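If you scroll down you'll find the structure; I have some questions about it.
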Amino acid sequence: MRNLKLLRTLEFRDIQAPGRPQCFSLRTEQRTVLIGSEYGLIEVDPATREVKNEIPLVAEGFLPEDGNGCIVGIQDLLDQESVCVATASGDVILCNLSTHQLECVGSVASGISVMSWSPDQELVLLATGQQTLIMMTRDFEPIMEQQIHQDDFGEGKFITVGWGKKETQFHGSEGRQAAFQMPMHESALPWDDHKSQITWRGDGQFFAVSVVCPETGARKIRVWNREFALQSTSEPVAGLGPSLAWKPSGSLIASTQDKPNQQDVVFFEKNGLLHGQFTLPFLKDEVKVNDLLWNADSSVLAVWLEELQREDSSTLKSYVQLWTVGNYHWYLKQSLPFSTSGKSQIVSLLWDPMTPYRLHVLCQGWHYLCYDWHWTTDRSSGNNSSDLANVAVIDGYRVLVTVFRQTVIPPPMCTYRLLNPHPVNQVMFSAHLENSNDLAVLDASNQISVYKCGDKPGLDPTVKLGAVGGNGFKVPLKTPHLEKRYTIRFGNNEGEEANPLRLSLLTWIEEDIFLAVSHSQSSSQSVIHRLTVAPSEMNEEQGQLSVSSSVVVDGVIISLCCSSKTKSLAFQLADGQVLRYLWESSSLTVEPWKNPGGFPVRFPYPCTQIEVAMIGGEERILGLTDRCRFFIDDTEVASNITSFAVYDEFLLLTTHSHTCQCFSLRDASFKTLQAGLCGSPVANGEILRKVERGSRIVTVVPQDTKLILQMPRGNLEVVHHRTLVLAQIRKWLDKLMFKDAFECMRKLRINLNLIHDHNPKVFLENVETFIKQIDSVNHINLFLTELKEEDVTKTMYPPPVTSCTQISRDPDGKKLDLICDAMRAALENISPHKYCLSILTSHVKKTIPELEIVLQKVHELQGNVPSLPDAVSAEEALKYLLLLVDVNELYDHSLGTYDFDLVLMVAEKSQKDPKEYLPFLNTLKKMETNYQRFTIDKYLKRYEKAIGHLSKCGPEYFTECLNLIKDKNLYKEALKLYPPNSQQHKAISIAYGEYLVQEHLYESAGLVFSRCGAHEKALSAFLACGSWQQTLCVAAQLQLTEDKVASLARALAAKLVEQRKHSEAAIVLEQYAQDYEEAVLLLLEGAAWGEALRLVYKYNRMDIIETNVKPSILEAQKNYLAFLDSQTATFSRHKNRLLVVRALKEQEQQVNLDKEAAHGPESDLFSETSSVVSGSEMSSRYSHSSSRISARSSKNRRKAERKKHSLKEGSPLEDLALLEALSEVVQSVDKLKDEVHSVLKVLFLFEFEEQGKELQKAFESTLQLMERALPEIWTLACQQSSTTPVLGPSSTANSIMASYQQQKTLVPVSDAEIFIPPKMHKRNQWKLSLLE
């Protein structure tokens, strides 16, 4: 749905040269034009408008002096810097334009009618006057000469396999006699010049020749290959014209055909068969086709027509028409009328081989024209809901308009057609936002037809409905009507015939103001004309537009755009410079367009499409080149953009990677937009979506979610880009238009949680509005069932990064419960009968489904007969519930209500077998109420409720209740059901205590037994846990005899000694067994010297001091000395070994670094596996074993942990094992301070000063040894080695990788605490100053 838009016109008038032009050719590298006349060649430069070279051919005798000579072909030879010229007399001349040297490289005595070079300039064909074809090489060496007329069909002759004959085929309405008709050969057309025509395929492998057969007098087309072998001959076609053009892409050969009532452009395949056609918009014998030309990319077919002489016609015209195809329909996009007399008569046409949409025209009066077109989409530019998203497509005398807001109609169909008396060349929509549906049409006669949308009585004959019309259809669309046609009145109209496209880039900026651009005929300047409606009478059908003012611009204007919002008008020059036209000011000045930095904007490359957009509140100019480069101001931000469109606050682009990206421009900065276009596609699905290959943007429907794309073949596709969809939904939700938002979300599968999550506070305040707008039970149920606790604005649909502040949400309140409660309250307030199912859904969807309430409401419905028309029956409600809840779950909940009518109602709707549930229900009905409920709760595994009901059934059921309590461990719950003094309470307590004993919770069990009065069981429980106070208390309650108490005390003492509680054991023996001697021995064993002496002096047993106390003190002193000696030796040994291990590791590391240095700087090129493998090999045994032991039992795992750090010399983790062992030695010695202090005191007391001094000195020397060694063992480097890799300027990739691997292997994370030195408490209270 694109049109050809004229970008620029280059004109060179009155070229100073002798004679009349006959043909011309292009020199693409020099950008000059070679024109041949009856006197020679001239080379002109259209840009500078000067003649560069003149080469006369008369002086050398190649052309006659009388002016009757004719040049039949000119070809620029790129690699030879020469021009090949063929004359009708038969000479082939090579002209050097630098030296003006002429060389005749060949001559044909019979003359030459056509010279045609292959596209690769390797071969040249000459058609001679003797009806032969001569093929030569680029060096003009003849290859072969053949007759142009051949009797054979060619190598591609069709093969008949004998499947039926023509006589037996069906011939339709013509009847059987059609099978016996002889083919009639019509002669060539009356205006046919009988000259041969040659055309090459784009790859140069084939060429086609159109000639008039001497036998039949009809034209035929023959196809030859590059080896000059005939391939095929066209089928007989009546009225075949002389024009011939092979599509460069190679698929079709274009020619013309005169039919009884029309004239067609027909297409042939390579095998000579017809393949499609289109009809020219002229009557029979009205025009003749002089030539057909395909442009370089095969997208445009130029048709050069000339009116035939008629009796009533005084002035004849010729036309150049540009045709394109889309969706198998041919559109007439441009029509250029020329005069056939005087200086405006066309001599020749050429498409530019390098620029596909550039057409060169040469006229009789030495007048050269060059037109540049490009594709554009003419669409309305409104951004409110009144804009209908119109797109206009030019098709000859018709403008096809499609209204995408109401329907999507694939081309070539349309919503309505605008009929014009002349071919249309340009369409423009009004830039005024309020009148964005109005459009104006510029036709080939330079008339502007204005169509306006509005109420007008009667039907406009120039407006016809398209695909939406027809009998029985009611069309709600308001079609536009023709307001008036305007002719453009210039101060002087001279030259209008010479250049039919005098005005370009027509823009409708105000109600009665148009802007147009014309280009200077003599210089590189452009003129911006302001066209205003001239005052005239209202009833006149024909109006006039006069040029009210003009502004001259230095440079060639190639594009123009106007912003509907800001009214800014920008235009671009051919050198990329962008200017601003201040059309609203009285001065009508032109100034450079400046970026926000204040610098003029100049595109590095000329852009074929420019748009003005607001980016982050700043006005920017966007541009897209024909090479897919996209610019914002003068900065290139992407190089793979195929199309773009600016809609409201969004920028939409399609890319070569078959994606469509949509960016918000409202709060985006230039840098964020540039990063989004240059960077990789974001994961967020809002910005990017995949589209079909080759898709281009047609339009965006304003205030809607539809984005219209067109495929390369021409068919349309409507997509709803996620960014547009979510932006529109947010707008609707902000305006409380819940119905529009809901319908869009439901259709496009947007999660309905967004309705609440977009603004929870506003939604909960307007729940009733939401319900009234939706007004559908099914839709409300859909909304409720899709609810989930997740906040979709943080997961699925995050708002734009620069959006407004986040909506505050209640972190404590649960979203589901809030919505369900609010919805249920509003539904019950509006109509509880109508929205019964929705109310039930709100109960079910809560965080904890309220199924009991739901079932109760259904049960209430069963008892009430619905009287209102929109009320719901219980059966319907239950059937709906089964869709939301599993039937078995619902059956269990109904059973838990103890309502058998409700249970039966649910069971009947389920798939359960009546043989299963009816006997069960009948059995339950026969039971007593409490036992019945106990049975139901037990069946539903609600055991707490079950024992509650069973406790009410009476003492005869207590045994069953107790068994259930024991089975399900419901002791705490059961104790609350019986009074504390009852037998049941005591029985449950005893069972509870026994359960605690089984769990080895003896103290808790003793407390339970003691509370319920089971003192014997409490005594054994307290005794088992060693709670001697509680044990003796219970013994007193049991009133045991003294002997039993003594034996109990001895048992308790033995238990306490096992727990190393010697002081408590001594108290028990002394006070309850009256055995103070044994108590003293236990105290001496526990090193409680002071308490032992207290008992000795209490009972006045001084003998015990000599027999037991002093020997125990001396023995303890010897043990401490021996322990300190062994620990000191162990510490020194481990410390020395650790220093050796560290030295070995440093030496090994230095060897590795030396190897790295020896390899030199190229070592980084080697594989990194060497150091990594060495590190893994060193610890492979340990790492393998660690992975193997990970699945062992806990006991074996503890054992393996103890063995993990082996002290064996050479083990991989020996240094860690040594550190761990040293830490244990330090901690064990540090813990002895209190004990040593206590021993020192009694040693001094009993006059063992020497022994005391010896112990104090040994302990002090040991502590000092360890304190001095701590910094040496736990160095700073050691503490950092577990976290800091070996890095530095001298490190290489291999050494760093080896370092990481070594740290990973040698320092497991779980062993990090080993590198922390043990803390030694800095206190000297252990010393006894009396011994110093």
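The values are calculated or read from the model by the stated rules, or taken from the named source; none is laboratory data. Only a predicted model underlies this, so the values are computations on that prediction, with no experimental measurement involved. Note that we place each Cβ from the backbone using ideal geometry, even for glycine, and neighbour counts take in every protein chain shown. These accessible areas exclude ligands, DNA and RNA; they are computed on the full protein's heavy atoms, side chains included. Shrake-Rupley method; radii C 1.70, N 1.55, O 1.52, S 1.80 Å.
Scanning region 600-649 for residues that are open to solvent by less than 20 Å² (accessible area, probe 1.4 Å) and either part of a loop (DSSP other than H, G, I, E, B) or out of contact with any strand residue (DSSP E or B) (no Cβ under 9 Å at 6 or more places or on another chain) (or both), which turns out modelled with the lowest pLDDT?
Within region 600-649, the match that is modelled with the lowest pLDDT is D633.
May I ask you to say which residue of Q130, Q75, Q121, Q80 is part of a strand (DSSP E or B) and open to solvent by 10 Å² or more (accessible area, probe 1.4 Å)?
Details: Q130 fails: part of a strand (DSSP E or B); Q121 fails: part of a strand (DSSP E or B); Q80 fails: part of a strand (DSSP E or B).
When all the criteria are applied, what remains is Q75.
Here is a further query. Of the residues A1005, A974, which single one is small (G, A, S), modelled with pLDDT under 85 and either crowded, with 17+ Cβ neighbours inside 10 Å or not in a helix (DSSP H, G or I) (or both)?
Numbers: A1005 fails: modelled with pLDDT under 85.
None of the others qualify; the one that does is A974.
Can you confirm whether V92 is more than 60 Å from the chain's Cα centre (by Cα), closer than 21 Å to W224 by Cβ, open to solvent by less than 20 Å² (accessible area, probe 1.4 Å) and modelled with pLDDT of 85 or more? Step through it out loud before you land on a result.
Details: more than 60 Å from the chain's Cα centre (by Cα): yes; closer than 21 Å to W224 by Cβ: yes; open to solvent by less than 20 Å² (accessible area, probe 1.4 Å): yes; modelled with pLDDT of 85 or more: yes.
It is true that V92 is more than 60 Å from the chain's Cα centre (by Cα), closer than 21 Å to W224 by Cβ, open to solvent by less than 20 Å² (accessible area, probe 1.4 Å) and modelled with pLDDT of 85 or more.
Can you report the number of residues in region 264-279 which are crowded, with 21+ Cβ neighbours inside 10 Å and not in a strand (DSSP E or B)?
The total comes to 1.
On to the next question. Quick check: anything in region 1021-1041 of a type in the set (S, T, Y) and assigned to a loop (DSSP other than H, G, I, E, B)? I'd like the intermediate steps shown before the answer.
Keep residues of region 1021-1041 that are of a type in the set (S, T, Y), which gives 1027, 1031, 1041.
Now restrict to residues that are assigned to a loop (DSSP other than H, G, I, E, B): 1027, 1041.
Checked against the condition, which is being of a type in the set (S, T, Y) and assigned to a loop (DSSP other than H, G, I, E, B), region 1021-1041 yields at least one hit.
Only one of S243, S255 is in contact (Cβ under 8 Å) with a residue 24 or more places away in the chain and in a loop (DSSP other than H, G, I, E, B). Can you tell me which?
Details: S255 fails: in a loop (DSSP other than H, G, I, E, B).
Going through S243, S255 in turn, the sole match is S243.
Taking the condition of being under 29 Å from the mean Cα position of the chain (by Cα), farther than 18 Å from H329 by Cβ and not polar (S, T, N, Q), how many residues in region 389-410 meet it?
Total meeting the criteria: 3.
Can you tell which of S210, S243, S187 is among the hydroxyl-bearing types (S, T, Y) and open to solvent by 10 Å² or more (accessible area, probe 1.4 Å)?
Numbers: S210 fails: open to solvent by 10 Å² or more (accessible area, probe 1.4 Å); S243 fails: open to solvent by 10 Å² or more (accessible area, probe 1.4 Å).
Checking each option against the conditions leaves just S187.
Something else about it: When T415 is evaluated against the numbered criteria (1) within 29 Å of K565 (Cβ to Cβ); (2) open to solvent by 20 Å² or more (accessible area, probe 1.4 Å), which criterion, by number, is the only one it fails?
Checking T415 against (1) within 29 Å of K565 (Cβ to Cβ); (2) open to solvent by 20 Å² or more (accessible area, probe 1.4 Å), the one that fails is (2).
If you check every pair at least six apart or on different chains, which have Cβ atoms under 9 Å apart with a residue in region 93-104 that is free of Cβ contacts under 8 Å to residues at least 60 places away in the same chain and more than 14 Å from F140 (Cβ to Cβ) first and a residue that is open to solvent by 90 Å² or more (accessible area, probe 1.4 Å) and of a type outside the set (K, R) second?
What qualifies is N96/E81; N96/E103; L97/E81; S98/E81; H100/E54; L102/E60.
Right, here's the next one. Working only within region 1050-1061, note down all residues that are open to solvent by less than 20 Å² (accessible area, probe 1.4 Å) and under 19 Å from E1091 (Cα atoms).
Within region 1050-1061, the subset open to solvent by less than 20 Å² (accessible area, probe 1.4 Å) is 1052-1053, 1056.
If the condition is that a residue be open to solvent by less than 20 Å² (accessible area, probe 1.4 Å) and under 19 Å from E1091 (Cα atoms), then A1053, L1056 are the ones that fit.
Name the one entry in L1124, L1083 that is more than 16 Å from A1258 (Cα to Cα), touching a residue at least 12 places away in the same chain (Cβ under 8 Å) and surrounded by 18 or more Cβ atoms within 10 Å (Cβ to Cβ). Step through it out loud before you land on a result.
Values: L1124 fails: more than 16 Å from A1258 (Cα to Cα).
Within the list L1124, L1083, the selection yields L1083.
Is there any pair linking a residue in region 56-70 that is over 14 Å from P21 (Cβ atoms) to one that is outside any loop (DSSP other than H, G, I, E, B) and of a type in the set (D, E), with Cβ under 7 Å and at least six apart or on different chains, and which?
Note: pairs meeting the criteria are F62/D91.
If you take the residues of region 555-586 that are charged (D, E, K, R) and at pLDDT 85 or above, which of them is surrounded by the fewest Cβ atoms within 10 Å (Cβ to Cβ)? Quick ask: steps written out before the conclusion?
The first filter runs over region 555-586 and keeps only residues charged (D, E, K, R), leaving 565, 567, 575, 580, 584.
Now drop any that are not at pLDDT 85 or above, which leaves 575, 580.
On the way: D575: 12, R580: 19.
By that ranking, first place goes to D575.
Only one of (1) under 24 Å from E786 (Cα atoms); (2) open to solvent by less than 40 Å² (accessible area, probe 1.4 Å); (3) charged (D, E, K, R) is not met by K834, so which one is it?
Status for K834: all satisfied but (2).
Condition test on S563, is it out of contact with any Ser or Thr (no Cβ under 7 Å at 6 or more places or on another chain) and closer than 28 Å to I15 by Cα?
Values: out of contact with any Ser or Thr (no Cβ under 7 Å at 6 or more places or on another chain): yes; closer than 28 Å to I15 by Cα: no.
It is false that S563 is out of contact with any Ser or Thr (no Cβ under 7 Å at 6 or more places or on another chain) and closer than 28 Å to I15 by Cα.
Return the residues of region 456-466 that are open to solvent by 50 Å² or more (accessible area, probe 1.4 Å), at pLDDT 75 or above and in a loop (DSSP other than H, G, I, E, B); say none if nothing qualifies.
Just the residues of region 456-466 that are open to solvent by 50 Å² or more (accessible area, probe 1.4 Å), to begin with: 456-459, 461, 464-465.
Still in the list and also at pLDDT 75 or above: 459, 461, 464-465.
Within region 456-466, L459, P461 qualify.
OK, next. Output yes when any residue across region 307-315 is surrounded by fewer than 19 Cβ atoms within 10 Å (Cβ to Cβ) and among the β-branched types (V, I, T), and no when none is.
Step one: of region 307-315, the residues surrounded by fewer than 19 Cβ atoms within 10 Å (Cβ to Cβ) are 307-315.
Filter again for among the β-branched types (V, I, T), leaving 315.
Yes; the residues of region 307-315 include at least one that is surrounded by fewer than 19 Cβ atoms within 10 Å (Cβ to Cβ) and among the β-branched types (V, I, T).
Continuing with the same structure: Kindly establish whether G217 is touching a Ser or Thr at 6+ places or on another chain (Cβ under 9 Å) and over 26 Å from Q321 (Cβ atoms). Walk me through it before giving the result.
Details: touching a Ser or Thr at 6+ places or on another chain (Cβ under 9 Å): yes; over 26 Å from Q321 (Cβ atoms): yes.
Here the answer is yes, as G217 does meet what is asked.
Residues V211, V161: which one is under 60 Å from the mean Cα position of the chain (by Cα), at pLDDT below 80 and aliphatic (A, V, I, L, M)?
Working: V211 fails: at pLDDT below 80.
V161 is the lone residue from the list that is under 60 Å from the mean Cα position of the chain (by Cα), at pLDDT below 80 and aliphatic (A, V, I, L, M).
Please go through (1) over 30 Å from I557 (Cβ atoms); (2) open to solvent by 40 Å² or more (accessible area, probe 1.4 Å) for P353 and return the number of the only condition it doesn't satisfy.
With respect to (1) over 30 Å from I557 (Cβ atoms); (2) open to solvent by 40 Å² or more (accessible area, probe 1.4 Å), P353 is out only on (1).
Separate question: Do we find a residue being under 21 Å from E944 (Cβ atoms) and touching a helix residue (DSSP H, G or I) at 6+ places or on another chain (Cβ under 9 Å) anywhere in region 1005-1023? So that I can check it myself, show each step before the final result.
Of all residues in region 1005-1023, those under 21 Å from E944 (Cβ atoms) come to 1008.
Within this subset, residues satisfying the condition of being touching a helix residue (DSSP H, G or I) at 6+ places or on another chain (Cβ under 9 Å) are 1008.
Scanning region 1005-1023 turns up at least one residue that is under 21 Å from E944 (Cβ atoms) and touching a helix residue (DSSP H, G or I) at 6+ places or on another chain (Cβ under 9 Å).
For region 1-21, which residues satisfy the criterion of being under 58 Å from the mean Cα position of the chain (by Cα) and not in a loop (DSSP other than H, G, I, E, B)?
N3, L4, K5, L6, L7, R8, T9, L10, E11, F12
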